[in-house]
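Here is the structure we will look at, set down as structure tokens.
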Amino acid sequence: MGTQTEALTTTYKEVKHTFTAATADDSARLTFNMGQSDVDVSLDNIGVFEGTECGNFAAAPLAGTPPVALAESGLIGNLADGKTQYDAKCAGCHGVAGAGATGPAINTNKVVFSKNNTQYSFEGYVAEFMPKSAPGTCSGQCAADVAAYVKAGFNIPNKDTCSAGTGVICEDFEGAALNDRWTSVGTTELTTEEKLSGTKALKISGAGSAYNANGLNLDLSKFTSLTKNHYGRLMLKTPVITGDAGDFTFIEASGPANLLATTRLTDSNRAIYRARVNGSAVSLMANYDTSPYGAPLTDCWSHSNFVPVPKDTWACFEWRFDATTNTLTYWLNGTKLGMSVKDKAIGSGAVAGCAGHPLDDIWSGPSSFDKLHIGIDQYHATSKPRTLYVDDVVVDTERVNCPN
Ligand code: HEC
């Protein structure tokens, strides 16, 4: 309990008093004794707060008082600065990962987002009321930075992995240089000419005429969870080209041929799954090849009933390559394409077929994938120069899906 005496002046003065009352004590009360005063006294903003520290009026609006809306500042939070600020100014009371200490847990959606959606923005709340020990010392950019960091789950996502939890490999092409996990072949560049997210995308240029390969290679053997079966997603945009610009491959994964598929294969054969653009119909197609050619080995294709390639607009292309079940599956903007194939299920004729039948038209996956290639690989002497923009590539053990 305890008594506190204050000398009053002619201006308002803030007075705090802490007392403890047993839970069962229903006679506990707070009284203001003005008996010693011979002038008028005004009391304002009286609050009683639970806990060991004084509360904050605006943070605890009185019943019936409309909540104060605390707006976002519009500043863009920087995650690294947010972590520095948070660790210095907040972690002591809320814990390094927000699980709570003397201050409440703030790592829950309830805190971060419900206030955001209703009366408070997280950022506005912090700017105004936090740190509890020194309100106002993390406003403006500090509040925006801390809010970004907390909303990112107390993580600074590694740019190489796009953001926490987005795939085994995630590439947004935002770095100053290409991530060194990729090897560039032919003509590629990071460009600001086009982008789906951020400020950059990868630009790939095919020179046309005879055979040329351009794009990025990835050593898949370094990603053991992806070598037997993986899913991928890339966003692509290809400018309109009139006439037959020739076929080209834009996704390809390969590895040593599975020798069990047929005794006609040798150690040096590679099995290759491809997603291609058919130049004459400007449609999508799937291919299965074994190389080296010349034997001749296999060159099989399946058109997806000539699904057109989206032109001059960003499209979402997903694939699944499964070496265990010899299955290729493709999706365009979330819809599964008929050119998804397994083994001999390709039929024949214009829609699907093989050049020669040396491997009995078996679409056999490799024993494991060790290479992924995205780009423009042109084949025909009549090919025209063309450009492809690629952004936000994800490769994972589960289906990636398209951005919202
Ligand atoms: C001295 C301890 C202390 C420090 C430092 C501190 N807080 Fe707090 N914080 C509290 C307490 C205690 C509360 C509970 C509300 C109250 O008492 O005002 C709180 C409440 C919050 C809430 C609302 C939680 C809820 O459940 O609604 C958020 C969000 C928050 N703090 C964020 C921060 C951030 C971000 C920082 C650093 C800029 C920070 N706090 C620094 C003690 C602290």
Practice problem: Return a whole-number percent for the relative contact order of the stretch 169-396, with Cα pairs under 8 Å and 6 or more residues apart as the contact set. | Solution: 34 percent
Practice problem: Set the Förster radius R0 to 60 Å, insert the Cβ-Cβ distance between Ala210 and Thr108 as r into 1/(1 + (r/R0)^6), and round the FRET efficiency to 0.05. | Solution: 0.50
Practice problem: Please find the FRET efficiency linking Phe32 to Thr10, where r is the Cβ-Cβ separation and R0 is fixed at 25 Å, and quote it to the nearest 0.05. | Solution: 0.90
Self-check item: Given Lys222/Lys311; Lys89/Lys200; Lys237/Lys371, the pairs whose alpha carbons are separated by over 27 Å
Solution: Lys222/Lys311; Lys89/Lys200
Practice problem: Using a 10 Å cut-off on Cβ atoms, rank the peptides 327-337, 241-251, 37-47, 144-154 from the highest mean neighbour count down. | Solution: 144-154, 241-251, 327-337, 37-47
Quiz item: If you put +1 on each Lys and Arg Cβ and -1 on each Asp and Glu Cβ, how big is the dipole of the stretch 169-396 around its Cα centre, in Debye rounded to 20?
Solution: 260 debye
Self-check item: FRET E, pair Asn179, Glu50, Förster distance 60 Å, beta-carbon r, rounded to 0.05
Solution: 0.70
Exercise. Could you pull out every residue, at least 5 positions away or on a different chain, whose amide H is within less than 5 Å of the one on Thr327? Hs are placed 1.01 Å off N in the peptide plane, and Pro or chain starts have none.
Key: Asp322
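Since every read-out is calculated from the coordinates, none of them should be taken as a lab result. This one's a predicted model, so the numbers in the text were calculated from it and none came from an experiment. Note: ideal-geometry Cβ built from the backbone for every residue, glycine included; neighbour counts use all protein chains shown.
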